[in-house]
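Since the structure comes first, as structure tokens, the remarks are kept for the end.
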Number of protein chains: 2
Amino acid sequence: MSLASFYANAPRHLVAVDCIIFGFEDGKLKLLIIQRKVDPLAGAFSLVGGFVQENESTDHAAIRVLRQTTGIRDIFMDQLRAYGDAGRDAGARVISLAYYALIRISEHDKLLAQQHGAHWLSLHQIPELIFDHNEMLRDALERLRDRAKFHPLGFELLPEKFSLPQLRNLYEEIYQRPLDKRNFRKKILAMDILEKLDEKDKSTSKKGAHLYRFDRKKYDALTQHGFVFEI
Amino acid sequence: MSLASFYANAPRHLVAVDCIIFGFEDGKLKLLIIQRKVDPLAGAFSLVGGFVQENESTDHAAIRVLRQTTGIRDIFMDQLRAYGDAGRDAGARVISLAYYALIRISEHDKLLAQQHGAHWLSLHQIPELIFDHNEMLRDALERLRDRAKFHPLGFELLPEKFSLPQLRNLYEEIYQRPLDKRNFRKKILAMDILEKLDEKDKSTSKKGAHLYRFDRKKYDALTQHGFVFEI
DNA sequence: CCAAAAGTGTTGCTCTTACACCCATGC
DNA sequence: GCATGGGTGTAAGAGCAACACTTTTGG
């Protein structure tokens, strides 16, 4: 078969990206949900999404769609997988690539996102979403849990400076189970990947909790010598 | 924006599936590689691939492509992820969904696959592949290792009846490191998910090794009570 | 001075790892 | 009878989980 016919005879498809955006605020793991603007199902709750353009990498499409629909930029983002059932989108046959992202809510413009019709909802507040978006969300949460166990993803969700109680609280949210505070401290500090600062966060107690910073250089150096992060 | 223009104005893309097929034979983990039939790069080594058709789910496309190009059917298959860089395919802009699959080489028709121009190559024999197929393969191997650690995937690669030395050999191949035979036996048998048969495999020793069968019913039952497989 | 959250060590137990010899049989 | 791979148990050490009291300070 000639080059022309091999490629030219193949069918073409709409390809979308949908973003599962995780944030952490007020001690809760949250998700960014928008209300859909177009029919069918205009007004229904949805993940942030959009179409992949000509000559645009799918990774770039995910970044662009997130920026255009919420104003959010410069965040951790990774592909989850493709969702390709023939009837998954009620409007047309669309193959969707799901991306999950982690953002520091405090460092982004909440107002801007809200102006775009986006809401931060905690895990237990998530409504029925359109199409297979609830399934995407379930899969993303599973991936987040899998990956956060062996990779320092958590720090993407916290402000640059954070306390150990805050960090523990984050992992308790991710895994939805209590973690022993002494064992947690021991484990984290033993890794020697945090820099202890001369500052305290007094927002949650009178005594105040020491602030730390994730030291990515140290982490990368350790990783090259076989070290594996584990929560 | 109206329904019509929202979907109709979006660009359409060629969407392919590419399959990373793992097998296990002669004590080696192997991969199914074909020689590409079309230009550009006709004759070069490649994964098995093809285009997603109209109204065809992507999962179905992967199964169909594998069957059509190699005659192989009814195997374990799971999506890896999408590869969507704009210039990844030299012939046209193609978004590719990679699927990895596990097959029992002994139960499939080797001849049929060979007639389709497919070769089983062991990990160390893999040549330069077209486009980003080497990257797909690396990612698939990583996924296989991740998943095989906590899920009973290995049995998909072995014949229905297998010996413990065979099983250990398989995991040694997957992880490319030696496993202590006493500890391995202990761990596997302690899970109580294998059925010991009254048969021996004498093909590799004079004494003969007992044959076992994976008991999926038992495994499923245990899993429902919180049991987690781990190698 | 008291309420509320931060910070701190020890112990038992489980799991993992390392390791060497006998067994069965075909030739 | 001997070479070859199959099969078996134990002990030491590492890692994990459970657990309660003291410290700090704003109000």
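The values are calculated or read from the model by the stated rules, or taken from the named source; none is laboratory data. Bear in mind the structure is a predicted one, so any value in this text is a computation, not a measurement. FYI the Cβ positions are ideal-geometry reconstructions off the backbone, even for glycines, and counts take in every protein chain you see.
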Of all the residues that make up region A:179-206, how many are more than 9 Å from DNA strand D (Cβ to nearest atom), more than 16 Å from A:Gly154 (Cβ to Cβ) and either within 14 Å of chain B (Cβ to nearest Cβ) or not in a strand (DSSP E or B) (or both)? 3
In this structure, does B:Ala221 turn out to be away from DNA strand C (no atom under 11 Å from the Cβ), hydrophobic (A, V, I, L, M, F, W, C), assigned to a helix (DSSP H, G or I) and surrounded by fewer than 15 Cβ atoms within 10 Å (Cβ to Cβ)? yes
Look at region A:28-83 and say how many of its residues are in contact with a strand residue (DSSP E or B) (Cβ under 8 Å, 6 or more places away or on another chain), of a type outside the set (D, E, K, R) and part of a helix (DSSP H, G or I). 9
Using the structure shown, decide if A:Asp132 is of a type in the set (Asp, Glu) and either within 16 Å of DNA strand C (Cβ to nearest atom) or assigned by TED's automatic domain parsing to the domain that holds A:Leu47 (or both). yes
Return only the number of the condition from (1) surrounded by fewer than 17 Cβ atoms within 10 Å (Cβ to Cβ); (2) more than 10 Å from every other protein chain (Cβ to nearest Cβ); (3) charged (D, E, K, R) that A:Lys37 does not satisfy. (2)
B:Lys161: passes all of (1) within 16 Å of DNA strand C (Cβ to nearest atom); (2) surrounded by 13 or more Cβ atoms within 10 Å (Cβ to Cβ) but (1)
Here the qualifying pairs (Cβ atoms under 7 Å; residues six or more apart or on different chains; first in region A:208-220 and more than 14 Å from chain B (Cβ to nearest Cβ); second of a type in the set (Asp, Glu) and more than 16 Å from DNA strand D (Cβ to nearest atom)) come out as A:Tyr212/A:Glu195; A:Arg213/A:Glu160; A:Arg213/A:Glu195; A:Asp215/A:Glu195
Within region A:184-192, can one find any residue that is surrounded by 11 or more Cβ atoms within 10 Å (Cβ to Cβ) and touching an Asp or Glu at 6+ places or on another chain (Cβ under 7 Å)? no
Of the numbered conditions (1) within 16 Å of DNA strand D (Cβ to nearest atom); (2) of a type outside the set (D, E, K, R); (3) free of Cβ contacts under 8 Å to residues at least 40 places away in the same chain, B:Asn169 fails exactly one; give the number of that condition. (3)
Let me spell it out: the conditions are (1) away from chain A (no Cβ under 12 Å); (2) at positive phi, and B:Ile75 meets all of them except one. Which number is the exception? (2)
Filter region A:105-140 for residues that are among the aromatic types (Phe, Trp, Tyr) and farther than 13 Å from A:Lys28 by Cβ and give the result. A:Phe131
